[in-house]
Amino acid sequence: MKKCGFTLIELLVVIAILAILVTLGSKGLRNARISARKAQAMVEIKSIETAVKAYFNEYGKLPVEADDQGEGDPEASVEFSAEIIDILTAENMDDNRRELVFLEPQTASSGEFLDPWNVPYLIMMDTDYDGIIDVDVEGLTETIRRKVAIVSVGLYQLKGDSATADDIIRSWE
């Protein structure tokens, strides 16, 4: 007499195969999400960089407060970056007298311009106009020849102890 159905061994093999497929699929999905966020961060970084260049073409100076013009290059900080974003989005009318919107503001409730990991972008400027910016952010130390340098450290902070300098998304690559 022949019985219809699956044996316990067959059922366990199918469950094991499904578990392996789900594991591989979820890892691939995670990598795809990280790649998509990196691409989004690069697009936003290039938008900020383009806005800074447009501001420079319009006003003949970098979008920093008048007190910082011609001074030594400021350190990368969230506060300095927020000031730059305020000028580019026409929130700061003192340093954007024509009220031109060079950068469309994000619709975040915090009012900050955030990367895909909800960390503010860090913007560094060559405010002394010597053509050199010393970048020192989260283990990344470089000297570059640009007017503006923008980095996203969200992925770096997300990875924590396993993070490397390659997890910092830069505008100059």
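A short reminder: the numbers here are calculations on the coordinates, not readings from a lab. All of these numbers come straight from a predicted model, not from anything done at the bench. Neighbour counts are summed over all protein chains in view; Cβ atoms, including those assigned to glycine, are modelled from backbone coordinates with ideal geometry.
The distance between label points at residue 33 and residue 166 comes to 2.2 nm (points 7 Å beyond Cα on the Cα→Cβ vector). Number of Lys-Lys pairs in the range 36-170 with C-alpha atoms under 26 Å apart and a separation of 8 or more places or on different chains: 10.
For the peptides 97-103, 85-91, 147-153, 52-58, the ranking by packing is 147-153, 85-91, 52-58, 97-103, with the highest mean count of neighbouring Cβ atoms within 10 Å listed first. The smallest convex shape that holds all Cα atoms of the range 36-170, its convex hull, gives 103 Å³ per residue.
Suppose R0 equals 35 Å. What FRET efficiency, 1/(1 + (r/R0)^6) with r the Cβ-Cβ distance, do residue 114 and residue 22 give to the nearest 0.05?
Result of the calculation: an efficiency of 0.65.
Eigen-decomposition of the gyration tensor built on the alpha-carbon atoms of the range 1-84 gives equivalent ellipsoid semi-axes of 61, 13, 7 angstrom, largest listed first.
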